[in-house]
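The values are calculated or read from the model by the stated rules, or taken from the named source; none is laboratory data. Just so you know, these numbers come straight off a predicted model, no measurement behind them. Cβ placement follows ideal geometry from the backbone for every residue including glycine, while neighbour counts extend to all protein chains displayed. We work out accessible area using only protein heavy atoms, side chains counted, and drop any ligands, DNA or RNA first. Shrake-Rupley method; radii C 1.70, N 1.55, O 1.52, S 1.80 Å.
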Amino acid sequence: MGKKLAKPKSQTPAAPSRVIITHVHPEIEGGRFPAKRVEGDIVAVTADIFTDGHDLISAVLLSRRQGESAWTESPMRGLVNDAWTGSFAVREQGIYEYTLQGWVDHFKSWQRNLAKKAEARQDVLTDLKIGAQLLEDGSRRAASEGAAAAAQKLNEWASLLRGSQSATASSGGGPAIDAAAATELALSGEVTALMAQYPDKRLAAVYDPVLQVVVDRARAGFSAWYEMFPRSWSSEPGKHGAFRDCEAHLPYIAAMGFDVLYLPPIHPIGHTYRKGKNNSPVAGPDDVGSPWAIGSEEGGHKALHPQLGRFEDLERLIARARDHGLEIALDIAYQCSPDHPYAKTHPEWFLHRPDGSIQYAENPPKKYQDIYPLNFESEHWQSLWEELKSVVLFWIGKGVRIFRVDNPHTKPFAFWEWLIREIKAEYPEVIFLAEAFTRPKVMQQLAKLGFSQSYTYFAWRNTTQELTEYFTELTRSEMAEYFRPNLWPNTPDILTEYLQSGGRPAFMARLVLAATLGANYGIYGPAFELCENKPLAPGMEEYLNAEKYEIRSWDLSRSDSLKELIARVNRARKENPALQSNSNLLFHKLDNDQLIAYSKMTADRSNVVLVVVNLDPRWAQSGWVNLPLEDLGLSPYIPFEIHDLLTGARYTWRGPRNYVRLDPNAIPAHLFRVGRPRSG
């Protein structure tokens, strides 16, 4: 990192700057939105920086934490075709600012021309005189910054260059030095380095606008989520579970290697138009209803379902989860049952029909009489916004720092931008996951507005081509700067046809894909590890006997459970830094489109992971994988070992083309850690 600057502006210029700075990356919509990083990341910035004519230019990257007055200066280096690159580290959570500064570097240009003339054996005495003046100017700049020693050194060199007018005499009383020696001094690394510290920026260009990057804690960038309904985890089948029951199962979840335990809404559930089993519009007397129909006479979004326990039970669960390396995430669903207290105390926050009754949710021809949507276009929108913000703050006060937000795409963009900015200004560690399965631009806009993570279309991308194209977009386009994917092969709402028809092999394949294609992923369990795949009806993605509408009992000891495989996958994720990022994904060619192969590696290539998955859940598939050995840090001539982290098997491969065969009825994937080349 470089020196501190008072501000990223040059002195008042006598003439317009000749330097152009354009095509800055990352820059989201002209600086309207920030890029995203996690603490400890290095932010790499590129730009096109150029000037007219043949002068050389210099450029620096300026960065600071928001609120700081001084900027830290980091040098940029030129690439090809006027492209430049630089970087800065983001050490802490919060917002960082950055911009670029470029200027015509007359000293560097003079050095280049001096070297050319000296090589051509031309007279350089006049050029050395010009250089002496440039050094004296640098000396004055050093003195103005309080660098007396540097100023003196630059003046001494200037005198030597002036004294080179002849080999036997000096000019102006300076020491004698011949032109060759003066040229060698002028081109030395010592002179170059010191002048670079005190450049002439009077006509520097500063990029406008100042850009931002939001820095989240590490878990925003790397996490494994497990979703469960607390009411289904009682030790007695059919009995309503409580937080204490969840506490007893924490070792089970932790043993599989998860670090986020996500609970659907834990609030009182309405009675009016309560849904029955399998989403029946008529509920029986013992039906428990949907947790997303929030609110009853027992309270609303700041209340607990009484059968789950008290607040001290939740706080105890949060503490015990932390002891097992787990963090509790709660659901934020801004909608109300007809019994929610808001319906009585704040009817102005809802839409009303002509007869004065509150309008329930509809998606014609479907009707959701058990849900009242909030009216964000109400004249009382400000009080509504403040109340919804207070809901998040309430649960933060109970120790929660991760929120999965239900259907954010059905609420205004402006609301989310305000809410997330307000919350993170006080609690930068808070993570918001956007559960939005909707149009691509809407999902992207939510991410730009501040959501830390986002659901994706992963569940419906099944072929090699679909997966390759989609994840290339997520990791290689501008989306990678602001959209953090969180991959879920199933949710309580989503049971894909692939899982329905593919059975256990399909669940294994999707697990490996989700956990290795993305740094963040999650599963809805125990439905996932027990391979629950019966749909409500053919062609539907709803579960038969969906847990959203009834209490389920799960046999966690079943011999066909995927819990051991899940544990191995999550262990591989934690032990291999290559799997903890999205930016390093590289797809590889195969001669069988039923197979997909890709790798991830750390920046220094010390950790390389290769994944091969059979996408056909019915039949064994084989093919030849083509690896770009040089890109992976491997030699085409020396064998290398690969270690399958799922089975423990080890193989020796040679060259770029190697054979694989995967039987989905055994295990449909290889998760290889690639060893360094060995001799022999």
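Summary of values
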quantity: Interchain or long-range residues, amide H under 5 Å from residue 339's placed H; calculated: 271, 272
quantity: Under 5 Å, built H, 5+ apart or other chain: amide partners of residue 490; calculated: 524
quantity: Average silhouette area of segment 424-493, convex hull of alpha-carbon atoms, in square nanometres; calculated: 5.3 nm²
quantity: Probe 1.4 Å, accessible area per residue of segment 315-451, Å²; calculated: 45 Å²
quantity: Check: the chain dipole with +1 on Lys, Arg Cβ and -1 on Asp, Glu Cβ, in debye; calculated: 1240 debye
quantity: Å² per residue, accessible surface of segment 610-680 at 1.4 Å; calculated: 48 Å²
quantity: Gyration tensor (alpha-carbon) shape descriptor, segment 45-168, a/c threshold 1.5; calculated: oblate
quantity: DSSP bridge pairs, the chain: antiparallel proportion in percent, nearest 5; calculated: 75 percent
quantity: Karplus-derived HN-Hα couplings along segment 282-293 (A = 6.51, B = -1.76, C = 1.60, θ = phi - 60°), whole Hz, x at Gly and Pro; calculated: 10, 9, x, x, 9, 6, 8, x, 8, x, 7, 8
quantity: Positive-end extreme of charge dipole, segment 503-583 - chosen from 576, 553, 520 (charges on Cβ); calculated: 576
quantity: Shape box of the chain [Cα atoms, principal axes, largest first, Å]; calculated: 110, 71, 44
quantity: Helix-only mean residue ellipticity at 222 nm for the chain, each DSSP H run of n ≥ 4 adding -39500 (n - 2.57), per residue, nearest 500; calculated: -8500 deg cm²/dmol
quantity: Cα gyration tensor category, rounded, prolate or oblate, for segment 590-680 with a/c compared to 1.5; calculated: prolate
quantity: Total charge dipole magnitude, segment 88-225, about the Cα centre, Cβ charges on Lys, Arg, Asp, Glu only, Debye to nearest 20; calculated: 120 debye
quantity: 14 Å beta-carbon shell around residue 368, net charge (K/R +1, D/E -1); calculated: +1
quantity: Accessible surface of residue 48 - all protein chains present, 1.4 Å probe, nearest 10 Å²; calculated: 40 Å²
quantity: Separation between Cα centres of segment 637-669 and segment 120-165, rounded to whole Å; calculated: 63 Å
quantity: Charge sum, other residues only, whose C-beta stays under 12 Å from residue 592's C-beta, Lys/Arg counted +1 and Asp/Glu -1; calculated: -1
quantity: Whether segment 476-534 is rounded, prolate or oblate, judged on the alpha carbon gyration tensor where a/c under 1.5 counts as rounded; calculated: prolate
quantity: Percent carbon-and-sulfur accessible area, the chain, ignoring ligands, DNA and RNA, probe 1.4 Å; calculated: 50 percent
quantity: Between segment 479-509 and segment 538-566, the Cα center-to-center distance that results, in Å; calculated: 15 Å
quantity: Cβ-based net charge around residue 517, under 14 Å, with every Lys or Arg adding one and every Asp or Glu removing one; calculated: +3
quantity: Among 203, 292, 268 - extreme Cα towards positive end, dipole of the chain, charges at beta-carbon; calculated: 203
quantity: Cross-link pairs 239/275; 275/389; 344/366; 239/548 - those with Cα-Cα distance over 21 Å; calculated: 275/389; 344/366
quantity: Rel. contact order, % - alpha carbon contacts under 8 angstrom, at least six apart, the chain; calculated: 10 percent
quantity: Dipole moment magnitude, nearest 20 debye, segment 181-281 about Cα centre, only Lys, Arg, Asp, Glu C-beta charged; calculated: 860 debye
quantity: Amide hydrogen neighbours beyond the local backbone of residue 399, cut-off 5 Å, H modeled; calculated: none
quantity: Positive-pole candidate from 189, 674, 144, dipole of the chain, charges at beta carbon; calculated: 189
quantity: Candidate residues 271, 25, 301: accessible-area rank, largest first, probe 1.4 Å; calculated: 271, 25, 301
quantity: Accessible area per residue, Å², segment 72-198 with all protein chains present, probe 1.4 Å; calculated: 49 Å²
